[in-house]
Amino acid sequence: MGRPGFVYLHGFASSPSSEKARFYREKLASFGVEPEVPDLNEGPGGFHGMTLSRCVKAAEAALERVDAGRRGAVIIGSSMGGLIAALIAARDPRIRAAVLLAPAFDLPARWTAWLGEEGIAAWRRDRELEVDHYGWGRKEKLGFGFYLDSMGLPPYPRPSCPTLILHGVRDAEVSIGTSMKLADGFPHIRLVELDTDHGMLDVKERLWSETEAFLRPLLREG
């Protein structure tokens with residue numbers, strides 16, 4: 001089959017030029033791998049029109065570009081990108097391995113916890129919500145369709161392929177308990193707990209050492 005293609009999915013309100021995306025690109029380049037890193041901000045309606053379903057389609061298009069149908073693929077995702085990676089890896093037999101960095105499972109519940117019931121009601125009423133877009137360094141408005149769409153997707157999609165989850169025990173945005181819930185009782189899913197927060201930037205080298213060890217057989221395929 002040969003070495004699989006690689007796809008990296010960035011997080012919410014981030015971009016393909018995020019620090020972790022660039023870091024993984026550099027590390028994979030040492031193995032002669034150039035991953036596809038789709039911009040999940042792009043698509044109908046731009047960032048305002050973002051939904052998880054639209055992001056899944058963008059990721060699936062990236063899988064086509066790396067010729068996943070012929071050689072399979074490895075999918076790596078951070079936060080929201082980790083959730084999208086899990087959604088795809090739960091149903092797509094082309095995915096040979098998945099690496100999930102602080103995956104944002106149970107997203108609707110997370111938004112409700114952040115905003116409260118009144119905040120969700122205001123978002124529904126106004127049809128849009130102003131958020132910090134960290135990738136662009138400015139405020140952006142997100143349509144309520146994002147929340148509605150997330151309600152219709154599995155909160156805990158379980159990949160069927162070998163999966164590595166890397167999650168910080170000090171993550172205040174996405175509790176490590178969500179990753180524990182997904183991995184518990186499934187030997188093909190390995191959860192590594194790290195002493196870090198959601199950003200994980202202080203443990204980048206550990207992220208890579210765990211990732212490289214997990215993917216070593218696939219990285220070395222001809």
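Read the figures in this text as sums done on the coordinates, not as results from a lab. Computed from a predicted model, the values in this text were never measured in an experiment. Every residue, glycine among them, receives a Cβ derived from its backbone with ideal geometry; neighbour counts consider all protein chains shown.
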Can you give me the P(r) profile for the stretch 143-219? Cα pairs, bins 5 angstrom wide beginning at 0, each as a whole percent. 3, 14, 20, 19, 20, 14, 7, 2, 0
Qualifying lysines (Cα of each under 27 Å from Cα of LYS27; at least 8 residues distant if same chain): LYS57, LYS204
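Let me have the relative contact order for the stretch 90-222, percent, based on Cα pairs under 8 Å that are six or more residues apart.
After rounding, I find 28 percent.
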Simple SL model, points at 7 angstrom along Cα→Cβ for ARG220 and ALA172; separation in nm is 4.2 nm
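How large is the helix-only mean residue ellipticity at 222 nm for the chain, computed as the sum of -39500 (n - 2.57) over DSSP H runs with n ≥ 4, divided by its residue count, in deg cm²/dmol to the nearest 500? Provide the component values of the computation, followed by the final result.
Details: 8 runs with 90 residues, N = 222.
-12500 deg cm²/dmol, from helical runs alone.
Starting from the Kirkwood Rh over alpha-carbon pairs, what translational D in µm² s⁻¹ does the chain have by Stokes-Einstein at 37 °C and 0.692 mPa s? Please list the in-between numbers first.
Numbers: Rh = 17.5 Å.
In µm²/s, the coefficient is 187.
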Output the relative contact order of the stretch 1-86, whole-number percent, from Cα pairs under 8 angstrom with separation of 6+ residues. 48 percent
Solvent-free Debye scattering, log10 I(q)/I(0), computed from the Cα coordinates of the stretch 76-148 at q = 0.22 Å⁻¹: -1.02
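Considering only the other residues whose Cβ falls under 11 Å of the Cβ of ALA89, what net charge follows from Lys and Arg at +1 and Asp and Glu at -1?
Working: positive: ARG91, ARG94, ARG96, ARG158; negative: ASP92.
Here the charged neighbours net out to +3.
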Under the definition of Cα pairs under 8 Å and six or more residues apart, what whole-number percent is the relative contact order of the stretch 32-171? 29 percent
Dipole magnitude (debye, nearest 20) for the stretch 73-132, charges at Cβ of Lys, Arg, Asp, Glu: 420 debye
Can you tell me what share of the DSSP beta bridges in the stretch 58-159 is antiparallel? A percent to the nearest 5 is fine. 50 percent
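Taking the Cα centre of the chain as origin, sum charge times position over the Cβ atoms of Lys and Arg (+1) and Asp and Glu (-1), and report the length of that vector in debye to the nearest 20. Intermediate results must be reported in sequence, preceding the final value.
On the way: 28 positive and 30 negative charges, 135 e Å.
Dipole size: approximately 640 debye.
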Rounded, prolate or oblate: which fits the stretch 37-107, taking a ≥ b ≥ c as square roots of the Cα gyration tensor eigenvalues, rounded meaning a/c under 1.5, else prolate when a/b beats b/c? oblate
Between ARG71 and LYS204, the two model label points (7 Å from Cα along the beta-carbon direction) sit apart by a distance in nm of 2.6 nm
Report the net charge of residues surrounding PRO154, where surrounding means a beta-carbon distance below 15 angstrom and charges are Lys +1, Arg +1, Asp -1, Glu -1. +1
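So in the chain, what percent of DSSP beta bridges are antiparallel if you round to the nearest 5?
Numbers: 6 of 28 bridges.
Around 20 percent of the beta bridges assigned by DSSP in the chain are antiparallel ones.
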